[in-house]
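Enquirer: Below is a structure I'd like to ask you about.
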Amino acid sequence: MPVTVTDYLRPSSLKEALALLAEDPAKTIAVGGGISVVLSGAPRRVRAVDLQHTGINEIKKTKDELCLGAMASLDDLVKSPLCGKFAGGVLCEGLRTAATEPIRRLITVGGNIVQCYYWATLPPLLIALDGRVHLRSVEHRRTVKASEFFARPPMRQLDRGELITEVSFPLLPKRVAAFEKLAKTSNDYALIHVVVSYVPKRGKVSDARVVVAACTNLPVRCAEVESYLEGQTINFAVAKEAGQLATHHVKLRGDFRASSEYRRRVLPVLVQRALLKAAKKQDDFITNR
Amino acid sequence: MMTGGPMQLNVRINGVAHSLEISPGAVLGDVLRRLGYTGTKMGCREGHCGSCMVLVNGKPFNSCLLLAAKVEGAEVTTIEGLGDVRNPHPVQEAFVEAGAVQCGFCTPGMVLVTKALLEETNHPSEERVREALSGNLCRCPGYVKIFEAVKLAELKLAKRSTNGKAQPGRPSKKSR
């Protein structure tokens, strides 16, 4: 038996929405774009709280951060000049592949990270670009690092009545990043996501992030690869070795879309490509400076 | 999806104001079809095929995934809102003339997305056309003739705006 929506509530402010979520948290769900409500097979009777008019859809840049409201859609992000300029455009490049344009209009920032389907595009980008998740309930506010937030299923991270209101990325102008996705078509479900980022220091890698997703149940950072890359100059041999290391240290999932064996063969190639792409951006950055 | 007690929805469909009683969990596509707008085809019900595409405030949405409650106060355009056999919209004419229609099941979605695209930009690049139509699957003639139809529609709309031709009329009840 699928979800039964008993009431559909349209709060006009965040305060009102949080109060409604706190009233009966076990039987109340927050609705962003609504896709997971429509497609959910979980047999539940729920009150739906639509967040459309709660004012948390803003995309803004502060002195130190790029902030994305939880109700901004992935399509809003793809078309936002602020997002386009951030991290060399890797955010827009990645999110453009998340789904078709009409579906991107329905996927919200909050929904994409709280549902965190294994093929979701925003979670690995958030981890690789040092993002933070901002949560709020009637009683408190808290901020969690993306790498901690996705350490276990996000639904279990949320306290009762708690809501994701925003995610933010620090503005790190020197960080270069690259995104790779394997899927059967350009906007189909991902079979593998790879996002790499690092800060180039005198041509060498510093503070590397190598994040693998879609071939794992939750997005993961490859600590062994990151340690290996520290202080290295990216070239073909280094990128190839990093790819091999990633394959050996990540537990890969197998499902009806692709077997773990298949993913094991392809993952090193994508890590290699992502690193070489990032190195190219580093070179372009130096050339254009 | 099963739903609870009814709720009120105020929406304009093809320019006509409606005050409807809907189930809170109903999707827009089902609501439209119950009203007789059967040009909106419910295909996969998972957002893959795009045959259920409608325009909400001028932007394409998969009506199989869109909760009807979310279009409160919005303007919804279905294929019936574009034109009819006697007075077709230039995009509809282009699809017929380019031979971009075979079984016709995907066509309403394709036409609506094309209309939205050509309102966004009157001269889209081929890459932009492919991206805009990537959410609409056709399993009959393939996409070459559909892309040709988009190009033809572009020319027709440009010609119409040069000539200052009036918008096609509202669909007659007979054509539904």
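The values are calculated or read from the model by the stated rules, or taken from the named source; none is laboratory data. The structure presented is a predicted model; accordingly, all values stated were derived computationally and were not measured. Every residue, glycine among them, receives a Cβ derived from its backbone with ideal geometry; neighbour counts consider all protein chains shown. Remember, those area values only see protein heavy atoms, side chains included, never the ligands or the DNA or RNA. Shrake-Rupley method; radii C 1.70, N 1.55, O 1.52, S 1.80 Å.
Enquirer: Working only within the stretch B:57-89, note down all residues that are of a type in the set (A, V, I, L, M) and either within 14 Å of chain A (Cβ to nearest Cβ) or within 20 Å of B:GLU119 (Cα to Cα) (or both).
Expert: Across the stretch B:57-89, the qualifying residues are B:LEU65, B:LEU66, B:LEU67, B:ALA68, B:ALA69, B:VAL71, B:ALA74, B:VAL76, B:ILE79, B:LEU82.
Enquirer: Regarding B:CYS52, is this residue more than 8 Å from chain A (Cβ to nearest Cβ), free of Cβ contacts under 8 Å to residues at least 60 places away in the same chain and closer than 22 Å to A:LEU74 by Cβ?
Expert: Yes.
Enquirer: Still on this structure: What's the number of the only condition in (1) open to solvent by 30 Å² or more (accessible area, probe 1.4 Å); (2) in contact with a strand residue (DSSP E or B) (Cβ under 7 Å, 6 or more places away or on another chain) that B:PRO60 fails to meet?
Expert: (1)
Enquirer: Something else now. Kindly indicate the residue of the stretch A:173-182 that is open to solvent by less than 30 Å² (accessible area, probe 1.4 Å) and of a type in the set (A, V, I, L, M, F, W, C) and also nearest to the chain's Cα centre (by Cα) among those meeting that condition.
Expert: Looking at the filtered set, the residue picked out is A:PHE179.
Enquirer: Kindly evaluate A:THR97 against the criterion of being of a type in the set (S, T, N, Q) and closer than 23 Å to A:SER197 by Cα.
Expert: yes
Enquirer: Return the residues of the stretch A:192-242 that are open to solvent by 60 Å² or more (accessible area, probe 1.4 Å), within 23 Å of the chain's Cα centre (by Cα) and touching a residue at least 40 places away in the same chain (Cβ under 8 Å); say none if nothing qualifies.
Expert: Within the stretch A:192-242, A:ASN217, A:ARG221 meet the criteria.
Enquirer: I'd like to verify a number: residues in the stretch B:1-19 that are of a type in the set (A, V, I, L, M, F, W, C), outside any loop (DSSP other than H, G, I, E, B) and within 13 Å of chain A (Cβ to nearest Cβ), how many?
Expert: 2
Enquirer: Taking A:LYS27, is it over 21 Å from the mean Cα position of the chain (by Cα), within 14 Å of chain B (Cβ to nearest Cβ) and among the basic types (Lys, Arg)?
Expert: yes
Enquirer: I'd like the full set of residues that are out of contact with any helix residue (DSSP H, G or I) (no Cβ under 7 Å at 6 or more places or on another chain), modelled with pLDDT of 95 or more and part of a loop (DSSP other than H, G, I, E, B), limited to the stretch A:125-139.
Expert: Passing the criteria: only A:ASP130.
Enquirer: Still on this structure: Quick one: A:VAL114 ticks every box in (1) under 20 Å from A:SER40 (Cβ atoms); (2) of a type outside the set (Asp, Glu); (3) touching a His at 6+ places or on another chain (Cβ under 8 Å) except a single one, so which number is it?
Expert: Here A:VAL114 clears every test but (3).
Enquirer: Could you list, in sequence order, the residues of the stretch A:113-172 that are closer than 25 Å to A:TYR189 by Cβ, among the hydroxyl-bearing types (Ser, Thr, Tyr) and open to solvent by 10 Å² or more (accessible area, probe 1.4 Å)?
Expert: Matches in the stretch A:113-172: A:TYR117, A:TYR118, A:SER147.
So that you can scan it fast, the table gives a plain yes or no per residue for (1) over 12 Å from the mean Cα position of the chain (by Cα); (2) basic (Lys, Arg); (3) at pLDDT 95 or above:
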| residue | (1), (2), (3) |
| --- | --- |
| A:THR62 | yes, no, yes |
| A:CYS67 | yes, no, yes |
| A:MET71 | yes, no, yes |
| A:LEU91 | no, no, yes |
| A:ARG105 | yes, yes, yes |
| A:CYS116 | no, no, no |
| A:PRO123 | no, no, yes |
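Enquirer: Tally up the residues in the stretch A:30-54 that are hydrophobic (A, V, I, L, M, F, W, C) and within 10 Å of chain B (Cβ to nearest Cβ), please.
Expert: Total satisfying the criteria: 7.
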